[in-house]
Amino acid sequence: MSDILYEVENLNVTFPGRGGETRAVRDASFVLGRERLAIVGESGSGKSTTGRALMGLLPPMAKKSASKMNFAGMDVRGYRDADWQKLRGTRISMVMQDPKYSLNPVKTVGWQIEEAYRLHKKCTSAEAKKRALDMLNEVQIRNPEIVYQQYPHQLSGGMGQRVMIAAMLISEPDLLIADEPTSALDVTVQNQVLRIMDRLVRDRGMGLIFISHNLTVVSSFCDRVLVMYGGKIVEELKASDLRNAKHPYTKALVASAPVLGETGQKLATVKRDPAWLT
């Protein structure tokens, strides 16, 4: 694959517990280019933990190891917080699931969008404000001058998520990790946010890791899919080939997803096999 952004080999993440260590990610390996890569699976499958490991955002008690973790040719396995802070916001950004938990309630929208730009770019206040207003326009916010001065509680869920996307992309990173970015939104707003994200990623030639449990969205929005079960990648395939999956877990996920417009559907139950983790 040309223009590789991230190479990961044998990524493992464990968390301590009363009953021993929990293996949240097991020997995960993949290569990411300037494409839209989905990571799918049920809750607890290790999707979000994988995304946070790639960002250096794991909690202190987590144990992380890998044979290789190269971002843009740089070995990030030994990176400390100071090293990650140079990458986060400039080369890698992350959009979380629900903006009301990510946006600071006591800071204005404009201040928060400008923050990453001010931290990593040498600029005047006027330049930062102009860049923030430009980003609000790019994510199709009406009346950006008004929204710029508002606080998060004054925004709808869809507007809040657009503000988060603007804040994460203002420094023009190479990679955006989107962790369930539309699951808290209704279907109409989901589609609007996805179209905006799709346009921005394509126009900027970025890489995208799209973490989701919604196979319907993934099949139409992404290029490739990694399917995770119990922290392990059990299948990798093109998003357009999800209906032709080989692994029984992927087949069960596809079969359990309802089809819009069809009534009286009998959805499959996911039956698990311990052998999948061996």
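The values are calculated or read from the model by the stated rules, or taken from the named source; none is laboratory data. Here the structure is a predicted model, which is why all the values come from computation and not from measurement. With ideal geometry, Cβ positions are generated from the backbone for all residues, glycine too; neighbour counts draw on all protein chains shown.
Worth a mention:
- Matching residues, the range 229-243, being among the basic types (K, R) and either under 15 Å from N10 (Cα atoms) or not assigned by TED's automatic domain parsing to the domain that holds G51 (or both): K232
- The residue list S43, S67, S48, S29 contains one member that is surrounded by fewer than 17 Cβ atoms within 10 Å (Cβ to Cβ), assigned by TED's automatic domain parsing to the domain that holds S220 and under 25 Å from M197 (Cβ atoms), which is S43.
- Test: residue in the range 204-224 that is of a type in the set (K, R), within 20 Å of V40 (Cβ to Cβ) and touching a helix residue (DSSP H, G or I) at 6+ places or on another chain (Cβ under 9 Å): yes
- The range 137-187, residues that are more than 20 Å from the chain's Cα centre (by Cα) and assigned to a helix (DSSP H, G or I): N137, P144, E145, I146, V147, Y148, P152, H153, Q154
- Filter result for A128 (out of contact with any Cys (no Cβ under 6 Å at 6 or more places or on another chain), free of Cβ contacts under 8 Å to residues at least 60 places away in the same chain and either more than 30 Å from H153 (Cβ to Cβ) or of a type in the set (D, E) (or both)): no
- Residues of the range 170-180 that are under 14 Å from S102 (Cβ atoms) and surrounded by fewer than 23 Cβ atoms within 10 Å (Cβ to Cβ): D179, E180.
Conditions (1) in the same structural domain as G56 (by TED's automatic domain parsing); (2) of a type outside the set (G, A, S); (3) buried (at least 17 other Cβ atoms within 10 Å of the Cβ), marked per residue:
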| site | (1), (2), (3) |
| --- | --- |
| T182 | yes, yes, yes |
| V187 | yes, yes, no |
| V193 | yes, yes, yes |
| I196 | yes, yes, yes |
| R199 | yes, yes, no |
| G205 | yes, no, no |
| L208 | yes, yes, yes |
| N214 | yes, yes, no |
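- Answer residue from the range 239-278, given it is outside any loop (DSSP other than H, G, I, E, B) and of a type in the set (S, T, Y) and is farthest from S220 (Cα to Cα) among those: Y249
- Some residue of the range 212-225 being assigned to a strand (DSSP E or B) and more than 29 Å from T14 (Cβ to Cβ): no
- Condition check for L87: surrounded by 18 or more Cβ atoms within 10 Å (Cβ to Cβ), at pLDDT below 95 and closer than 18 Å to D174 by Cβ: yes
- Candidates A116, A167, A178, filtered to the one that is in the same structural domain as I196 (by TED's automatic domain parsing), in contact with a strand residue (DSSP E or B) (Cβ under 9 Å, 6 or more places away or on another chain), under 24 Å from G205 (Cα atoms) and of a type in the set (G, A, S): A178
- In the set A166, A116, only one residue is among the aliphatic types (A, V, I, L, M) and modelled with pLDDT under 90; that residue is A116.
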